[in-house]
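The values are calculated or read from the model by the stated rules, or taken from the named source; none is laboratory data. Computed from a predicted model, the values in this text were never measured in an experiment. Please note: Cβ atoms are built from the backbone with ideal geometry, for glycine as well, and neighbour counts cover all protein chains shown.
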Amino acid sequence: MFSKSALNQLHYGFTLVEMMVSIALSVTIMSGVVQMLVFNKNIFIMEHELATIQENARYVVRILADEIHMAGFTGCNSQALSYANSVKGSSGNWYLAGAGIQGFDYKAGRKSFPKEFRADILPNTDAIVIRRGDASGLRLTSMQNIASAVIPLASRHPYKSGQIMMITTPDCQQVGVFQLSGPGNASNTATSMEHAAGSSTQGNCTSNLAGNFSCNSLAASLALDYPSGSNLMALSSAAYYVGVSSNDAGVPTLHRERLLLNTNTHTIYTAAEELVQGVEYMQILYGFDADNNDNIPDIYVGADYPGLHWDKVKSVRLALRLRSALPVYNKKVNYPEFEQIKGSDGSDRFMRQLVETTITLRN
């Protein structure tokens, strides 16, 4: 049997004080749980963004280092004495002619950048162009008479008509650049290359590939043959710069504008592609062998330095600043000034990281 007091407690339930104490305890416990969940979420986001920045930084440095190392590659390690470029419109064209490396400094003005991507450049960021031969290629097995527009090969080649090609003598003293005029190679069965002169807008202005000339100065051409062992490879040209992502207008991104071939029309063009998001600034200095030709940089200067010769650049110093995709801090974070660039106060609460490296050219 229940006692009278027990029956009264069963009848009336919890008192108001007991209910208030229970609610207060529940709110306190839930508040702690929510705070712990929010704290853990913020820590997770911060760690994820930091890991992404570091991964992107490693990837960017690796891409740029690999390209800069190979700048000016022609099949061997010494620079050619003579460079014959028979491609129409090559003179003054950033993706068809010039030294293996060339830079553009925003301090010189937006108009100093190539027209293909100058409108996409973010303020206070530099750009760098790398020209080189592909690492893979072919070798001539017999003497090539330079007066002939046909280069016979011992095996089939994979290149398509319209491709910009490079041929180099074994001693690296002579380089020739031409546009492959034939034969058509839809099934990769061609065993020869043609570099005949043509009347179209693109193509070659001459079949001669010897001497030191461009289509604007053919008088310097020579009658030099390419001997057995000469290297034959495709020309690779690419410009790297910082622009805005096409997927997210608020995210700065490293872009690459590179030389491509339209296999339907057999014509060349350039197109941009996004490489890495979060690259906010890129500042570049060039190690310049200014006085004694000992292949050791004497000074580091920007691309707008008046006395800079691109064929005497021996190293490149990169300074990159990357930022997170999301704001991660709950208050303003003060950052030091980046490469004399203002507006780095961190009021937008993004996480940022500075990456610096120096890369030596091999060629």
- Query: Which residues, counting only those in segment 172-218, are at pLDDT below 85, of a type in the set (Val, Ile, Thr) and over 31 Å from the mean Cα position of the chain (by Cα)?
  - Reply: 189, 191
- Lone qualifier among 284, 268, 299 - being free of Cβ contacts under 8 Å to residues at least 40 places away in the same chain and of a type outside the set (Ser, Thr, Tyr): 299
- Would you point out which residue out of 97, 65, 80 is surrounded by 15 or more Cβ atoms within 10 Å (Cβ to Cβ), outside any strand (DSSP E or B) and within 15 Å of the chain's Cα centre (by Cα)? 65
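Given segment 121-202, what strands (runs of 3 or more DSSP E) lie entirely inside it while holding 2 or more residues that are surrounded by fewer than 20 Cβ atoms within 10 Å (Cβ to Cβ)?
Working: elements: 127-133, 150-152, 164-168, 174-179, 192-194.
Output list reads 150-152, 192-194.
Which residue, of 237, 221, 230, is modelled with pLDDT under 95, of a type in the set (Ser, Thr, Tyr), buried (at least 20 other Cβ atoms within 10 Å of the Cβ) and under 30 Å from residue 156 (Cα atoms)?
Values: 237 fails: modelled with pLDDT under 95; 221 fails: buried (at least 20 other Cβ atoms within 10 Å of the Cβ).
After ruling out the rest, the residue left standing is 230.
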- For segment 257-278, the count of residues that are farther than 21 Å from residue 101 by Cα, assigned to a strand (DSSP E or B) and either over 15 Å from the mean Cα position of the chain (by Cα) or of a type in the set (A, V, I, L, M) (or both) equals 4
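Here is a check on your reading of the model: is residue 273 at pLDDT below 95 and closer than 18 Å to residue 122 by Cα?
Values: at pLDDT below 95: no; closer than 18 Å to residue 122 by Cα: yes.
Judged against the criteria, residue 273 is not a match.
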- Query: Could you list, in sequence order, the residues of segment 295-312 that are part of a loop (DSSP other than H, G, I, E, B) and surrounded by 15 or more Cβ atoms within 10 Å (Cβ to Cβ)?
  - Reply: 297, 302, 303, 304, 305, 308
- Note on the structure: Restricting segment 348-363 to residues that are out of contact with any helix residue (DSSP H, G or I) (no Cβ under 9 Å at 6 or more places or on another chain) and more than 13 Å from residue 323 (Cα to Cα), the one modelled with the highest pLDDT turns out to be 358
- Query: Would you pick out the residues in segment 71-99 that are touching a Ser or Thr at 6+ places or on another chain (Cβ under 9 Å) and within 19 Å of residue 282 (Cβ to Cβ)?
  - Reply: 94
- Message: residue 51 - would you say it is surrounded by 10 or more Cβ atoms within 10 Å (Cβ to Cβ), modelled with pLDDT under 75 and in a helix (DSSP H, G or I)?
- Response: no
